[in-house]
Every structure is written in C-alpha cells, then in structure tokens.
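Notes follow the structure.
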Amino acid sequence: MSSEGLSASPPPPQAVVGKQYGVTHPISLAGPTAFDIERTSELEKFLVEAGLYESKEEAAKREEVLHRIGQIVKDWVKQLTQLRGYTDQMVEDANALIFTFGSYRLGVHGPGDEIDTLCVGPSYVNREEDFFFVLHNILAEMEEVTELQVVPDAHVPVMKFKFDGISIDLLYASVSLLVVPENLDISEVSLLHNIDEPTVRSLNGCRDVDQILKLVPNVEHFCTTLRCLRFWAKRRGVYSNVTGFLGGVNWALLIARVCQLYPNAVPSVLVSRFFRVYTQWRWPNPVMLCAIEEDELGFGVWDPRKNPRDRTHHMPIITPAYPYMNSSYNVSKSTLRVMMEQFQHGNKICEEIEPDKARWCALFEPYLFFESYKNYLQVDIVAVDADDLRAWKGWVESRLRQLTLMIERDNLEMLQWHPYPHEYVDTTKQCAHSAFFMGFQRKKGEKLNGHRFDIQGTVDEFKQSIVDMYIFGKPGMEFYVSHVRRRRLPSYVFPDGYKRPRRSRVLAQQHDHEVSATSSGERHLKRKNDLGGGSPEKRLSIIPHKAGSASTKTLDKCVSMEVVESNSGELEPGDASNSSVITNVTSITSIFEKFDIYSQIV
C-alpha cells in the first residue's frame, strides 16, 4: 500500500443506525466531531512520517513475488500428478492456489514485513513428504530463495524463507478435492471435511481474516486503527505471540471488537476507546466477534464449560471462523499483567490527547525495559553459523514462555516476571549469537518471610527440557542462562550508548503508573556473583549434539540463583545446597460465565 493520499482524512462514513455488530449492542453510536476528524488526520500523518507504509516499488515487488510463488506451486503439483501416473487430463487440470492472510491480507503491513501465505493443494499432495521435502528441495535450488527453514512440528506447520529479499511464511493445506478450482471459496465450511487439525489451523488463518473484514462496521477505520496499535504494541514491547504476549491476529481481533462497540467512530476515537475498554475488561471473560456455534463436523471449539483446559486460559480472544479457537492461549499471568500495565499507560496518554494536552508522539514513546528492573535473566543462544542459529534460536525462543510458567509454578507467583520479546546480538562474538532478557522483581506487597526462591533449580529443569526435546542439534549449538544486575547489562542492549537518564516527565510517568517500573524504594536482589560481562566459565551451558542425543555441561563455578529474604526484608542470595523446588501448579480455574462486561464502559 502506498503512503500517498494518507495524510488527509477520508470523509466521514454514513452512520450505522440500528444494526448490531457482534454479540452485544454497541456502547455508543455517536459519530465523529470536527475535533475527532482533525485528530484522525494528525494520527494518519504521524503514521506516514513514522515510515509505516511501504513504497509503491516495494508493493509491486511483493505482488511479483506472490505471482512467482503461485506459479511455482502450480508446477510442483503438476509434476507430482504426472509422477503418480494420473491421466494427461488430470495433469492438465492439476492446480494449487496461494492465499494471503495476516497483516498483508489486512493491508496493514509495513516495509520489510513478512507475507503470511497459504498454499491449498489437492488431496493426493500431502504436507509431510510432498510439501516439506519435494517443494522444499525445489525452493532450495532457486537462486532467489534464501534462509530456507522448515518447522514441521509447529502448532501450525510452516516453511519460512526469503524470496528475492521478501520474507515469506508458507503454510500448506491439502483439501478433499482431486482438482483445486481457481475460484475456490476458502470460507466454505465444506473444505474442512476429512482433514486433520493442523490443516484446519492452516486454513483458518485465511478464514479468520475474511471473517474479521466482514464483521467490522468500517474496514478502512479498522485498518488504520490496527496499523496504529500494532506500532504501539511493538514500541511498548507487547507484540509477540511466541513470548506470551499478542501477535497480529490477536491485536486484529481486539481492535475489531472495539470497532463493533463504537461503529461510527473514526480511528482517533477508536484508539482511545481501545485502551478504555481493555483497561476495564474482566479477564478471563472472552473477546468474541460473533457467537460460538457447534457444527456437525465435530471439531472441538473453545468452551470452558465443557473443556477443563479452556478454563485455564487467562486472556481468551476467540477466532471468528469455525472451529472457534482461543488465539491467545500463550498468554500467561505474567504477560497479562504486563499488558494490563501497558493498557493503563496508553489509556492515561489518550486521556491527555483527547483534550489536546498531549500529542500522538507521546503515545508511542518506547518502553524503557532496561530501566524498569534491577534484575534480569539473560538467555544467550549461540551456533556455528547463521543458518544453524536460525533453527536453534527459533526452537529456544519458542520455549522461553515455558520458563516463565515454570518459575511462576515453583515460586508461588511471589516474583513478578517480564519477558521481553526483542532480540539482541553481540556482534563482537566470532560465533552466531542472539540474546533475550527477562526482568524480574519481588511481587509488590508480598511478604516473603524468609521464603527461598530456587530459581536455579527451575532454570536447570528448563534447560534440560530444551535439549531433550530438540532432535536437530548440532555441535556448536549452545545456550546459557544467567542472572545479571542492571548495572552489569551488556553494552549491546544499548545501541546508542548507555546514559543514566535524568528523571524526565515521561520517565517519571512510566515509573509512577506501571507496576513493572522499579520504584526508588525497591529493595535490591543480591547474589554472590554478577555475570554480566563475566567470563563464560561462570555460566551454565547446555550443548545439544547430533539428533537423538544431548548432554548437560555444568561447570564448577556455576552461579546460585536462589534468593531468600533477610531479616531486614531485603532479598539476598540463599544457600543452594539446602534448596528445594516447589512443584505444585496454580492456575485460573474460574468457570466461564456470561457477564454484562460493557455496563461500566462508556
């Protein structure tokens, strides 16, 4: 999408009167005021100046790449059809189609964003051998294709690569048709007959996006609001499904629901109402764009009244296409807390923007993660080269959410954890390197009374599980987990150089209004040895080897991560030799009930 013409607001749409969007009546049918339209114009101008729109040249290149991939998969299916001895007519009719979904399908992608794509093929072309082996080999031989990676065991199996520099995520769905017609309607429920659940999940990426676009009152206003809040979420460090926050479809669903509740509002108002609604939302009540219905196909749908696992979900955001699923099952108590803090922060800024006391740029101030805690866990991932690191990092990163859950479990939620989704790289290392960080602190108001936190035991358990479950390990693939104090953070997390800031107004607000910020009275968490910038022998390393084998390298001078509250109330290192791991699991067990959750929102 080009950025031309976006600085001027579109004319107000015809007001929606008397129509209900979604599962409840709207909160307000009010249309935009002159002030709202002016604020929307300023917001759109800000988004353009922030570089969130791709150029005409990049848009044309994306279309050309999609056309090329579409032709490649058609030729691939014809080749397989011929090799399997089908008739000449079948070979001629053999077909595969490429559909897009995600941010590209919604028209809210930015420069350099990947394109989410789905290949739909006939029943006799399967995912395991034909897609992940035959098509993979075809792509691997092409000069335009780089960084080719298969992830067959993902929740939604995917092949990732760059085609002529454009990042592609390619899914595959084999449907119960001998010939895939060019005019295939992917929204038809009949396509779900006789297919497995991974194929259903692959198809539903496209089906959900189509339903979202049908269920919002004004697509243009929805897309502008979504583009804005995607940018906000990335700036505030809460845009990442794999880390336990929210990904693209989650944000789209949350924003679509706000559009239904304020059907005549323009983007500037929708952004403000987004924060107002979700600071007051009573989780775990679900966000739904339409009613959940059963179907004779028999696929399970999200229903905590019947499914015990669904009762443990902390922030249910339900997809609008059958079979209805919770798209945000990755959210934990820790990440929900962080997001609620960020919603409160955004709501406060918007309350100042509406009376013209603040500008839009204030909303998009980056979150100062490395100024918000005194203690961090640092996860370093290394491999021999970039190709090995890409696969190894993807696996470790996908499991980091489990570390948060395990620490919550073993420490009775007395510590607050904040995983940060941004990746950092130490360019001074000779090997390929990537690092992730988690901030942590004692839960505010929690009386510890000498309680011991055996973080080390939990980390050891997590690290061993990473190795035991990874079957593609190679020599040189390693990862380290270490506790580092803020003052010993590595310099590469401060690309512009570290300067301890003066207490500016923005920083003061952030510290005062976000629970995760470190107050001046927060007690220090101490340990015997700080590892930031330390030598490798003071860290614990797990080295996975060839497929099917793994070993644990525990060095003599490992660091105890156990902490205990002293008589003065200060957190100090504990005696690891007397540590014990608490294994009881706690979770939300409240049964789903239908509340009037909008009665307090105006």
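Here are the numbers:
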read-out	value
Set 336, 363, 289, 297: member being over 30 Å from residue 32 (Cβ atoms), among the aliphatic types (A, V, I, L, M) and at pLDDT 95 or above	336
Residue that is surrounded by the most Cβ atoms within 10 Å (Cβ to Cβ) [pool: residues in the range 475-496 that are under 25 Å from the mean Cα position of the chain (by Cα) and of a type in the set (Ser, Thr, Tyr)]	482
Some residue of the range 100-114 being at positive phi, at pLDDT 95 or above and either over 19 Å from the mean Cα position of the chain (by Cα) or surrounded by 19 or more Cβ atoms within 10 Å (Cβ to Cβ) (or both)	yes
Where residue 251 falls short, out of the listed (1) in contact with a Pro (Cβ under 9 Å, 6 or more places away or on another chain); (2) surrounded by 20 or more Cβ atoms within 10 Å (Cβ to Cβ)	(1)
Odd one out for residue 429 among (1) basic (Lys, Arg); (2) under 30 Å from residue 151 (Cβ atoms); (3) in a helix (DSSP H, G or I)	(3)
Selection count, the range 66-108, where residues are of a type outside the set (Lys, Arg), without any contact (Cβ under 8 Å) to a residue 60 or more places away in the chain and not in a helix (DSSP H, G or I)	4
Residue 143 being in a helix (DSSP H, G or I), surrounded by fewer than 16 Cβ atoms within 10 Å (Cβ to Cβ) and out of contact with any Lys or Arg (no Cβ under 7 Å at 6 or more places or on another chain)	no
Residues satisfying the stated conditions in the range 172-190, i.e. out of contact with any Asp or Glu (no Cβ under 8 Å at 6 or more places or on another chain) and not hydroxyl-bearing (Ser, Thr, Tyr)	173, 175, 177, 178, 180, 181, 182, 183, 184, 185, 188
Residue pairs meeting the criteria (Cβ under 8 Å; at least 6 apart or on separate chains; first under 22 Å from residue 436 (Cα atoms), in the range 352-371; second surrounded by fewer than 16 Cβ atoms within 10 Å (Cβ to Cβ) and aromatic (Phe, Trp, Tyr))	370/494
Options 53, 21: the member that is modelled with pLDDT under 95 and of a type in the set (Phe, Trp, Tyr)	21
Qualifying positions in the range 377-411 - touching a helix residue (DSSP H, G or I) at 6+ places or on another chain (Cβ under 7 Å) and modelled with pLDDT under 95	396, 399, 402, 403, 404, 406, 407, 408, 410
Subset tally (residues that are assigned to a helix (DSSP H, G or I) and loosely packed, with under 15 Cβ neighbours inside 10 Å) for the range 49-58	3
Matching entry among 92, 144, 129 (being outside the structural domain of residue 389 (by TED's automatic domain parsing) and in contact with a strand residue (DSSP E or B) (Cβ under 6 Å, 6 or more places away or on another chain))	144
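For every residue, the table says whether it meets (1) assigned by TED's automatic domain parsing to the domain that holds residue 62; (2) in contact with a Phe, Trp or Tyr (Cβ under 6 Å, 6 or more places away or on another chain); (3) within 17 Å of residue 71 (Cα to Cα).
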site	(1), (2), (3)
125	yes, no, yes
152	yes, yes, no
168	yes, yes, yes
171	yes, no, yes
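Yes or no, residue by residue, for (1) outside any helix (DSSP H, G or I); (2) of a type outside the set (Val, Ile, Thr); (3) surrounded by 15 or more Cβ atoms within 10 Å (Cβ to Cβ):
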residue	(1), (2), (3)
337	no, yes, yes
357	yes, yes, no
362	no, yes, yes
379	yes, no, yes
391	no, yes, yes
403	no, yes, yes
407	no, no, yes
417	yes, yes, yes
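The values are calculated or read from the model by the stated rules, or taken from the named source; none is laboratory data. From a predicted model like this one, the values you see are computed outputs, not experimental measurements. Note: ideal-geometry Cβ built from the backbone for every residue, glycine included; neighbour counts use all protein chains shown.
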